[in-house]
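Okay, structure first, notes after.
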Amino acid sequence: MATTRRIDREVVGVVILLAVVLASSDLIAGGVFDVVGRSASPLWRAGVLVADVVVLAGVASLKRQIGRIEGGPSRLWGWWWTGFAIACGVDGLYIVVGDAAAAVDAVSAAALVAAVAVLMMSSVNADPRTLFSSRARAAMPTDWQRVSATVPLIVGSCAACLGAAVWTNYFEPNAVRVAAPEILREIAQLPLYEQHTALAQLCSEGVNPAYFQHIAEALPVLLLTLGVEFNFFGTFLRDPVQRVSTLVTVSVMCLALVLALSTLPFDGSGCDDVLTGWHEYVAFTVTLQAVFMALTTMVWLMLAKMSSSEPATGDAVTQ
């Protein structure tokens, strides 16, 4: 049991460093430079690269520990270094080109997600080939079990990265998000249908408050569906990677619900009650991540149940 718990801790470290820290390194570095008043400094992109290298060094250390604990040979380092090169290449691209177009942001986000996927699978000793090869799945069932557990985390990270690119390119960070009292009083004098139009125009440069309202309604339903209808917590806790994936999925969903609720206007009118543009940015990306993680988990569980219920070859029923 001690060995199992220790493996769980190492896997928790890998998942947090990759799915949270590495996937959000731009956000973290940008926030730090904003706090110290150096947001316009060209050094912040280099800071992202340095931070990512430090994070990946920590992941490499955890990968070695997982290999030693499980007692097998050191493996999948080729895959790991491929992911390392992609992640650092994305950071280097931004250092060279600076603020890029939306298409470049989208491609870079997809490349970063691919890097996170390869790094996460290889770091927990799960061969990425099992995701595409039935022969590899049959030969390495433990690897496949671990790879399948990381898929919802990877899809959630993809949604968060793409959401960050959308927010950066299509929303205005300095938009009015808390309407002034005098403006709200003027809007309140309008007919009801004109009030909705005026509020929509007032908040048009930021995330629509209705988005967070719908997220706050949907996430509890998704949590209940996973826990009750799919018996998620009873069928997905066999391997250390599965246990950690479950922990992270539920934690991100709960955090997303708190963030969505924190943006809703207390009086039921006006724009989002966000503290700053960063508040809206974090809430938007984390809620996207949570929803896609939950939906992917449900689809993945359905596929797993369908494959496990299929009769073996040659077991055809004869009349």
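The values are calculated or read from the model by the stated rules, or taken from the named source; none is laboratory data. Every value quoted in this text rests on a predicted model; they were computed, and no experiment measured them. With ideal geometry, Cβ positions are generated from the backbone for all residues, glycine too; neighbour counts draw on all protein chains shown.
Go through (1) in a helix (DSSP H, G or I); (2) farther than 24 Å from Trp167 by Cβ one by one and return the number of the condition Pro73 breaks.
Just one mismatch for Pro73, condition (1).
Tally the residues that are outside any helix (DSSP H, G or I), surrounded by 10 or more Cβ atoms within 10 Å (Cβ to Cβ) and either modelled with pLDDT of 65 or more or outside the structural domain of Ser251 (by TED's automatic domain parsing) (or both), restricting the search to the stretch 267-316. Write out each step before concluding.
Applying the first criterion (outside any helix (DSSP H, G or I)) to the stretch 267-316 yields 267-276, 310-316.
From what is left, the residues that are surrounded by 10 or more Cβ atoms within 10 Å (Cβ to Cβ) are 269-276.
Restricting the remaining residues to those that are either modelled with pLDDT of 65 or more or outside the structural domain of Ser251 (by TED's automatic domain parsing) (or both) gives 276.
Selection size over the stretch 267-316: 1.
Of everything in the stretch 105-156 that's among the β-branched types (Val, Ile, Thr) and touching a Phe, Trp or Tyr at 6+ places or on another chain (Cβ under 9 Å), which residue is nearest to Gly67 (Cα to Cα)? First the steps, then the outcome.
So in the stretch 105-156, the residues among the β-branched types (Val, Ile, Thr) come out as 107, 113, 116, 118, 124, 130, 142, 147, 150-151, 154-155.
Filter once more, so that each one left must be touching a Phe, Trp or Tyr at 6+ places or on another chain (Cβ under 9 Å): 118, 130, 151, 155.
Details: Val118: 17, Thr130: 19, Val151: 21, Val155: 26 Å.
So, considering only residues that are among the β-branched types (Val, Ile, Thr) and touching a Phe, Trp or Tyr at 6+ places or on another chain (Cβ under 9 Å), the one nearest to Gly67 (Cα to Cα) is Val118.
Can you go through Ala117, Ala139, Ala160, Ala109 and tell me which one is more than 20 Å from Val299 (Cα to Cα) and under 19 Å from the mean Cα position of the chain (by Cα)? Please lay out each step first, then the result.
Working: Ala117 fails: more than 20 Å from Val299 (Cα to Cα); Ala139 fails: under 19 Å from the mean Cα position of the chain (by Cα); Ala160 fails: more than 20 Å from Val299 (Cα to Cα).
Just one listed residue meets the conditions, Ala109.
Show the residue pairs that are 6+ apart or on different chains and have beta-carbon atoms under 7 Å apart, the first residue being within the stretch 92-118 and crowded, with 16+ Cβ neighbours inside 10 Å, the second being of a type in the set (Phe, Trp, Tyr) and modelled with pLDDT of 90 or more.
Going by the 7 Å Cβ cut-off, the qualifying pairs are Val118/Trp79.
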